[in-house]
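Chemist: The structure is given below, and queries will be raised subsequently.
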Amino acid sequence: MSKIYEALLRAEQEKAAQDERSQTGKQESAAVAPMRQSQEHSVAVDVVDPPPVALDSPENEASDVRLNFSRALHTANLQTWKPDLDRLPAMQSRGGKIEQFRSLRSKLTGLRHAQPLTSIYVGSGHAGEGKSFVASNLAVTLARHKTARVLLIDGDMRRGTLHKVLGCPNEVGLAEYLNGKADAGSIFQRGQVLEGGEPLPPGLSNLTFCSCGHAGDRAAELSGSPRFPELIRAISDDFDWIIVDSSPVNIVSDGVNLARACDSALLVVRGGETKFETAQRALRELKSAKLLGVVLNAVSEFAPNEGHYGYQGYESLDE
Ligand SMILES: Nc1ncnc2c1ncn2[C@@H]1O[C@H](COP(=O)(O)OP(=O)(O)OP(=O)(O)O)[C@@H](O)[C@H]1O
Ligand SMILES: [Mg+2]
């Protein structure tokens, strides 16, 4: 990432220098031209895969999109966050819940040796089954790894809650990006300090967040926008993990659209609450997504022999 940032910085300095030169006269501009060409080449090598392509080719457009997103990520708005610790047990240093999330992290890390696995959609059939709980705690657990770069996207554009969980603003988010009212530069935020000025704890300092924004009554339409898969493609190289929270798939179709754009999907079911038929229907709704496994959430006791239903990654998330 820093290579891309440096390249962007150099490109900007170059452009500023070029503007200045074009104002100070033709002779000076001609004298610096060869150096400028070689510097441009080095920027292109850092940011865009060689060989160089024609300006109006699709490959070049894709590179431009990537470049814009990379720039946006490095200028992510720095905010004061006030996380809700009750809803983020993954921020604690020990406890049953953090252990279960660590175990989920290990399983996901193991799976990515066998398949591309950067963007993970987190869904469930009904409301209240724990999608946001699992998505946010999984993102924090992944981000506790000191070199991990993690993005959490609140894809629930109807009742998104992740900005409340992290205690951060939701002025502009995914909805504004998808409806074209906001560019990539304004939708990513990073925590700077906690409210009160304390430094961010592990798990938040590596986390970038995109809140749900305000979709009004257009959530279904926006979730089908080609700008979402474009967003995921453009930023996948800038993150190790991208976790996408969503709305319930048995009730509204938004989540299915988002799931299709991700490398894989996790289905959350809530112990003692989710009915078998609900889970079955959710699996059918998500048939176009690449389902990785099912997360069994909020189980108070879990006998070892009952632990696996034949899905990979099937985990109890409670002690
Ligand atoms: N394993 C758990 N332990 C403790 N609290 C939990 C657990 N799972 C979920 N909760 C709590 O249950 C409530 C509902 O969970 P959550 O908001 O994650 O559900 P959801 O599936 O995202 O619902 P919705 O579809 O309405 O967004 C939240 O207050 C959450 O903090
Ligand atoms: Mg939710």
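The values are calculated or read from the model by the stated rules, or taken from the named source; none is laboratory data. Computed from a predicted model, the values in this text were never measured in an experiment. Cβ sites come from the backbone with ideal geometry, for glycine too, and all protein chains shown count toward neighbours. To get the accessible areas, we keep the full protein, side chains included, count just its heavy atoms, and leave off ligands, DNA and RNA. Shrake-Rupley method; radii C 1.70, N 1.55, O 1.52, S 1.80 Å.
Chemist: Which value in nm describes the separation of the simple spin-label points at E277 and I251, placed 7 Å from the Cα toward the beta carbon?
Modeler: 1.8 nm
Chemist: Here's something else I'd like to know. So, by mean Cβ neighbours within 10 angstrom, what's the order for 162-170, 144-152 with the highest one leading?
Modeler: Result, highest mean Cβ count within 10 Å first: 162-170, 144-152.
Chemist: A follow-up question, please. Test of understanding: express the Cα radius of gyration of the stretch 58-318 as a ratio to 2.2 N^0.38 Å, with N the residue count.
Modeler: Its radius of gyration relative to the 2.2 N^0.38 Å reference: 0.95.
Chemist: Quick one: accessible area per residue over the stretch 154-221, 1.4 Å probe, rounded to a whole number of Å²?
Modeler: 42 Å²
Chemist: Now, a different point. Please turn the phi angles of the stretch 177-184 into ³J(HN,Hα) values with the Karplus equation 6.51 cos²θ - 1.76 cosθ + 1.60 (θ = phi - 60°), one per residue in order, whole Hz, x for glycine and proline.
Modeler: 5, 5, 8, x, 7, 10, 9, 4
Chemist: Measure up K97/K290; K107/K290; K107/K146; K131/K275; K164/K290 against 22 Å on the Cα-Cα distance and list the ones that go over.
Modeler: Long pairs (Cα-Cα over 22 Å): K97/K290; K164/K290.
Chemist: Which value results when the Cα radius of gyration for the stretch 243-298 is divided by 2.2 N^0.38 Å?
Modeler: Compactness ratio reported: 1.04.
Chemist: Hey, another quick one. Could you sort the peptides 260-268, 181-189 by per-residue average Cβ neighbour count (10 Å cutoff), highest mean leading?
Modeler: 260-268, 181-189
Chemist: Long-range amide H contacts for Q192: which residues qualify at under 5 Å (H placed 1.01 Å from N, peptide plane, sequence gap of 5 or more or a different chain)?
Modeler: Placed amide hydrogens put Q79, T80, W81 under 5 Å from Q192.
Chemist: If I model the stretch 164-203 as equal point scatterers sitting on the Cα atoms and use the Debye formula, what is log10 I(q)/I(0) at q = 0.22, 0.28, 0.29, 0.30 Å⁻¹?
Modeler: -0.77, -0.96, -0.99, -1.02
Chemist: How large is ³J(HN,Hα), in whole Hz, for each residue of the stretch 121-126 in order, when computed from phi with the Karplus curve 6.51 cos²θ - 1.76 cosθ + 1.60 and θ = phi - 60°, using x for Gly and Pro?
Modeler: These are the phi-based 3J(HN,Hα) values: 8, 10, x, 7, x, 10 Hz.
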